[in-house]
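See below for the structure under consideration.
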Amino acid sequence: MRSRLVSLEPPAPCARCERRVPGVKWGDLCPDCLAELRRRAGPLARIISLLFVAVVIGYAWIRIPLTLTTRMWVAGIAIATYFLVRKIVIQVSVEIMRK
């Protein structure tokens, strides 16, 4: 059961824009600031992710004998690498730009 004191607690300010938004904890960013930082981190994340995918494909091209089955695995791993690296770079970029 929720405490009645929770509704009486004033909202905390955003760490970046100082706007008071309900649901934001002390030191966190409001949804608007977080969305703007993710938007700014997007192009950097895309470039770094594509570079990592190029490294994975280059490694597979040089080291692995490419049959039809291995090409399918390399394609799947390259796609997974793109999304995983992009997610990591966006998180790291947001934390760096936050300060």
Subject >> Lone unmet requirement of (1) exposed (fewer than 12 other Cβ atoms within 10 Å of the Cβ); (2) within 18 Å of the chain's Cα centre (by Cα) for W26 >> reply: (2)
Original post:
Between a first residue in segment 67-91 that is within 11 Å of I48 (Cα to Cα) and a second residue that is of a type in the set (S, T, N, Q) and part of a helix (DSSP H, G or I), which pairs have beta carbons less than 7 Å apart while being 6 or more apart in sequence or on different chains?
Top reply: Y82/S49; V85/S49; R86/S49; V89/S49
**OP:** Identify the single condition in (1) surrounded by 12 or more Cβ atoms within 10 Å (Cβ to Cβ); (2) over 19 Å from the mean Cα position of the chain (by Cα); (3) modelled with pLDDT of 95 or more that G76 does not satisfy, given that it satisfies every other one.
**Re:** (1)
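The values are calculated or read from the model by the stated rules, or taken from the named source; none is laboratory data. On a predicted model such as this, the values are computed, not experimentally measured, just so you know. As a convention, Cβ positions derive from the backbone with ideal geometry for all residues, glycine included, and neighbour counts pool all protein chains shown.
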